[in-house]
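Novice: Right, I'll just put the structure down here and ask away after.
The values are calculated or read from the model by the stated rules, or taken from the named source; none is laboratory data. Only a predicted model underlies this, so the values are computations on that prediction, with no experimental measurement involved. Reconstructed Cβ throughout: ideal geometry from the backbone, glycine too, with neighbour counts over all protein chains shown. Calculation scope for accessible area: heavy atoms of the full protein, side chains included, ligands and nucleic acids excluded. Shrake-Rupley method; radii C 1.70, N 1.55, O 1.52, S 1.80 Å.
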Amino acid sequence: GAAAPPLEPQRRPDRLGATPDGGWRIGVEGADGAIREVIAIDGQAVATSSTQLRTWTTSTGRAHHIIDPRTGRTAVPVWGQVTCVAATALEANTASTAAIVLGEAAPSWLEENGLAARLERPDGSVVHTAGWPLSFDSEED
(Lines give C-alpha, C1' and ligand atoms only; values in the text may rest on other atoms or scores of the structure.)
Protein backbone atom coordinates (compact mmCIF):
# COMPACT_ATOMS: atom_id res chain seq x y z
CA GLY A 1 0.00 0.00 0.00
CA ALA A 2 0.94 3.60 -0.29
CA ALA A 3 2.17 5.66 2.64
CA ALA A 4 -0.55 6.86 4.99
CA PRO A 5 -1.54 10.51 4.54
CA PRO A 6 -0.03 12.97 7.02
CA LEU A 7 -1.93 12.88 10.28
CA GLU A 8 -3.62 16.05 11.37
CA PRO A 9 -4.00 16.56 15.14
CA GLN A 10 -7.63 15.44 15.01
CA ARG A 11 -6.73 12.26 13.03
CA ARG A 12 -5.13 10.21 15.76
CA PRO A 13 -3.94 6.72 14.70
CA ASP A 14 -5.93 5.09 17.49
CA ARG A 15 -9.05 6.45 15.79
CA LEU A 16 -8.18 5.25 12.29
CA GLY A 17 -9.29 1.68 12.89
CA ALA A 18 -7.42 -1.59 12.84
CA THR A 19 -3.73 -1.57 11.97
CA PRO A 20 -3.21 -2.77 8.39
CA ASP A 21 -1.21 -5.97 7.82
CA GLY A 22 2.46 -5.02 8.08
CA GLY A 23 1.73 -1.87 10.11
CA TRP A 24 1.00 1.73 9.23
CA ARG A 25 3.26 2.99 6.46
CA ILE A 26 4.61 6.41 7.34
CA GLY A 27 6.53 8.67 4.97
CA VAL A 28 9.52 10.51 6.43
CA GLU A 29 9.31 13.86 4.68
CA GLY A 30 12.26 16.19 4.09
CA ALA A 31 12.19 19.97 4.42
CA ASP A 32 11.71 20.16 0.65
CA GLY A 33 8.52 18.10 0.90
CA ALA A 34 10.02 15.00 -0.73
CA ILE A 35 9.49 11.63 0.94
CA ARG A 36 12.93 10.43 2.04
CA GLU A 37 11.91 7.00 3.33
CA VAL A 38 8.76 5.01 4.06
CA ILE A 39 8.63 2.91 7.23
CA ALA A 40 6.03 0.65 8.81
CA ILE A 41 5.06 1.00 12.48
CA ASP A 42 2.54 -0.66 14.75
CA GLY A 43 1.67 0.79 18.16
CA GLN A 44 4.39 3.43 17.99
CA ALA A 45 4.71 7.14 17.27
CA VAL A 46 7.00 9.04 14.89
CA ALA A 47 8.27 12.63 15.15
CA THR A 48 10.77 14.71 13.18
CA SER A 49 12.74 17.79 14.27
CA SER A 50 14.55 19.90 11.69
CA THR A 51 17.13 22.66 11.43
CA GLN A 52 16.01 23.35 7.85
CA LEU A 53 12.59 24.84 8.56
CA ARG A 54 11.69 27.81 10.75
CA THR A 55 14.93 29.56 9.81
CA TRP A 56 15.98 33.16 9.44
CA THR A 57 19.11 35.18 8.72
CA THR A 58 20.90 37.13 11.44
CA SER A 59 23.98 39.35 11.37
CA THR A 60 26.02 36.25 12.28
CA GLY A 61 24.44 33.93 9.70
CA ARG A 62 21.54 31.51 9.39
CA ALA A 63 19.62 30.57 12.53
CA HIS A 64 16.84 28.08 13.28
CA HIS A 65 14.30 27.56 16.06
CA ILE A 66 15.99 24.84 18.14
CA ILE A 67 18.01 26.39 20.96
CA ASP A 68 20.85 24.59 22.74
CA PRO A 69 20.16 25.22 26.45
CA ARG A 70 23.88 24.85 27.18
CA THR A 71 24.73 27.91 25.09
CA GLY A 72 21.46 29.82 24.70
CA ARG A 73 22.12 29.87 20.95
CA THR A 74 20.76 28.04 17.94
CA ALA A 75 21.95 24.41 18.04
CA VAL A 76 24.82 23.70 15.66
CA PRO A 77 23.14 22.17 12.57
CA VAL A 78 25.04 18.86 12.50
CA TRP A 79 21.75 17.22 11.48
CA GLY A 80 19.36 18.67 8.90
CA GLN A 81 16.61 16.59 10.47
CA VAL A 82 16.16 13.76 12.92
CA THR A 83 13.19 11.38 12.95
CA CYS A 84 12.58 9.16 15.99
CA VAL A 85 10.23 6.25 16.67
CA ALA A 86 9.10 5.78 20.27
CA ALA A 87 6.21 4.50 22.38
CA THR A 88 4.51 7.93 22.38
CA ALA A 89 4.59 11.08 20.27
CA LEU A 90 5.88 13.00 23.30
CA GLU A 91 8.86 10.65 23.60
CA ALA A 92 9.56 10.68 19.85
CA ASN A 93 9.39 14.48 19.66
CA THR A 94 11.55 14.97 22.76
CA ALA A 95 14.16 12.54 21.42
CA SER A 96 14.28 14.09 17.95
CA THR A 97 14.75 17.59 19.36
CA ALA A 98 17.36 16.40 21.89
CA ALA A 99 19.24 14.70 19.04
CA ILE A 100 19.44 18.00 17.13
CA VAL A 101 20.90 19.66 20.23
CA LEU A 102 23.34 16.81 20.93
CA GLY A 103 24.85 16.98 17.44
CA GLU A 104 27.54 14.35 16.82
CA ALA A 105 26.78 12.70 20.19
CA ALA A 106 23.17 12.02 19.16
CA PRO A 107 23.48 8.52 17.63
CA SER A 108 25.17 7.03 20.69
CA TRP A 109 22.77 8.81 23.08
CA LEU A 110 19.77 7.53 21.12
CA GLU A 111 21.10 3.95 21.09
CA GLU A 112 21.98 4.08 24.81
CA ASN A 113 18.36 5.06 25.45
CA GLY A 114 16.88 2.43 23.14
CA LEU A 115 15.48 4.96 20.66
CA ALA A 116 15.24 4.14 16.96
CA ALA A 117 16.15 7.08 14.76
CA ARG A 118 16.98 8.31 11.29
CA LEU A 119 19.48 11.17 11.39
CA GLU A 120 19.99 13.08 8.14
CA ARG A 121 22.88 15.50 7.70
CA PRO A 122 22.39 18.72 5.71
CA ASP A 123 24.28 17.05 2.83
CA GLY A 124 21.64 14.28 2.71
CA SER A 125 23.75 11.47 4.19
CA VAL A 126 21.84 9.31 6.68
CA VAL A 127 22.66 7.47 9.90
CA HIS A 128 20.18 4.95 11.34
CA THR A 129 20.26 3.76 14.94
CA ALA A 130 19.41 0.24 16.07
CA GLY A 131 15.73 -0.61 15.87
CA TRP A 132 14.88 1.71 12.95
CA PRO A 133 11.82 0.17 11.22
CA LEU A 134 12.05 -1.66 7.92
CA SER A 135 12.01 0.73 4.97
CA PHE A 136 9.78 0.40 1.94
CA ASP A 137 10.16 1.84 -1.52
CA SER A 138 7.61 4.67 -1.55
CA GLU A 139 6.41 3.39 -4.94
CA GLU A 140 5.67 -0.14 -3.68
CA ASP A 141 2.15 -1.47 -3.26
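Novice: Name the residue from 89, 116, 75 whose Cα lies farthest towards the positive end of the charge dipole of the chain, charges +1 on Cβ of Lys and Arg and -1 on Cβ of Asp and Glu.
Specialist: The residue sitting most towards the positive pole is 75.
Novice: Sum up the charges of everything whose Cβ sits under 9 Å from the Cβ of residue 80, counting Lys and Arg as +1 and Asp and Glu as -1, but leave residue 80 out.
Specialist: -1
Novice: Taking a probe of 1.4 Å, how large is the accessible area per residue of the chain, in Å²?
Specialist: That works out to 58 Å² for each residue.
Novice: Next up: State log₁₀ I(q)/I(0) for segment 80-141 at q = 0.19, 0.27 Å⁻¹ as given by the Debye formula over alpha-carbon point scatterers of equal weight, solvent excluded.
Specialist: Each listed q maps to, in turn, -0.66, -1.17.
Novice: Given a 1.4 angstrom probe, I'd like the percentage of the accessible area of the chain that is carbon and sulfur, rounded to a whole number.
Specialist: 52 percent
Novice: Most fluctuating residue of 45, 95, 117 in a GNM of the chain with Cα springs under 10 Å: which is it?
Specialist: 45
Novice: 222 nm [θ] for the chain, helices only, -39500 (n - 2.57) per DSSP H run of 4+, per residue, to 500?
Specialist: Only helices count here, giving -4500 deg cm²/dmol.
Novice: Please report, in debye to the nearest 20, how large the charge dipole of the chain is about its Cα centre when each Lys and Arg carries +1 at its beta carbon and each Asp and Glu carries -1 there.
Specialist: That gives the chain a dipole magnitude of about 680 debye.
Novice: What angle do you read, to the nearest 10 degrees and between 0 and 90, between the alpha-carbon axis of helix 89-102 and the longest principal axis of the chain?
Specialist: 30 degrees
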